[in-house]
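The values are calculated or read from the model by the stated rules, or taken from the named source; none is laboratory data. Bear in mind the structure is a predicted one, so any value in this text is a computation, not a measurement. Neighbour counts are summed over all protein chains in view; Cβ atoms, including those assigned to glycine, are modelled from backbone coordinates with ideal geometry. Accessible surface is based on the protein model in full, side chains and every heavy atom, while ligands, DNA and RNA are left aside. Shrake-Rupley method; radii C 1.70, N 1.55, O 1.52, S 1.80 Å.
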Amino acid sequence: MAMTEPRNDNSPGRQETPASAAAPPKTLPACYWFVLRDLKRANAKMPAYRQLSESCGLQVFIPMQWCLTQKKGQKIREEVPFIRDLLFVRSTREALDPIVERIRTLQYRYVKGGGYCQPLVVRDDDMDRFIAAVAASHAPEYYLPSEITPGMIGKRVRIIGGPLNGHEGNLLSIRGLHKKKLLVDLPGLLAVSVEVSPDYLQLL
C-alpha cells in the first residue's frame, strides 16, 4: 500500500506513523486497518491515538475538525476528533491484541452479525482513498452514514489532475451548493466531502 505522509498539526485529519522501522521479516502476518473505540474522557491528556502512535509506534488515522471550545472563560479554537471515540489503526491482530488488552479504555469495534467477536476492518483501498481526500482538503466536511440521503449523492465522476488524480466517486448534491465537492465514504462508518476543481472533473 502506498503510505500517506504524516499530517501536520494544522491539518483536519491526523495520521501518525513511527519515525523509523526495522527491516521486515520475509513473511509478514496480515496487516489491516482496524476500527477501534476510545472510551477515555474527551479532555484526557493522553488519548488512545497518541498512545498508539507515540508509545506503540503504530500508524493511526483520526478524522479531525476545528471547533471553538471554552476554557477558563475564554473561547479557544482547537482541533478535535470528529467522532470522539473513533480511530483507525493499521496493524496485525497479533500486535494489536495485547495493546487493546493492556489499555482498558481501548476496544475493538465488531462486525454486526459477523462471527463471534470479529473485529471490524477497512480495506486498504478504501482507507487510502479516504485519507488522500482528507489530506487534499483544507476544510473537509464529515458526515455520519445516517446523514447521507439519496438526494445528496450526485453525478458519478473521475478526477483528472490535481492531488486526487484518478479518484472516482460521486459529487455532493445539496441545494444552493455552488462549489464542486467530491463525496468519499468508508461504507457504514463515515463520509467526507472535499472541494474539487471543476477543471478536473470527468463525468462517468
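For the range 41-81, the percent of C-alpha pairs falling in each 5 Å distance bin, counted from 0 to the bin holding the largest distance, reads 6, 19, 22, 25, 14, 9, 5, 0. Computed over the range 47-184, the Cα gyration tensor eigenvalues convert (square root of 5λ each) into semi-axes of 29, 22, 16 Å, ordered from largest to smallest. Over 20 Å apart at the Cα level, from the set Lys112/Lys155; Lys155/Lys180; Lys40/Lys75, are Lys112/Lys155; Lys40/Lys75.
Taking a cut-off of 14 Å between Cα atoms, list the aspartates and glutamates near Lys181, but don't count ones fewer than 8 places away on the same chain. Excluding near neighbours in sequence, the set is Glu141, Glu168, Glu195, Asp199.
Which order do you get for Ser193, Ser55 if you rank them by accessible area with a 1.4 Å probe, largest at the top? The partial results should precede the final answer.
Details: Ser193 0, Ser55 95 Å².
Accessible-area ranking of Ser193, Ser55, largest first: Ser55, Ser193.
Protection proxy ranking, highest mean first, for peptides 101-107, 58-64: 58-64, 101-107, where packing is the per-residue count of other beta-carbon atoms within 10 Å, averaged. Based on alpha carbons, the Rg and Dmax found for the range 105-204 are 15.1, 48 Å. Distance between the pseudo-spin-label points of Glu94 and Ile160 (7 Å out from Cα toward the beta carbon): 4.7 nm.
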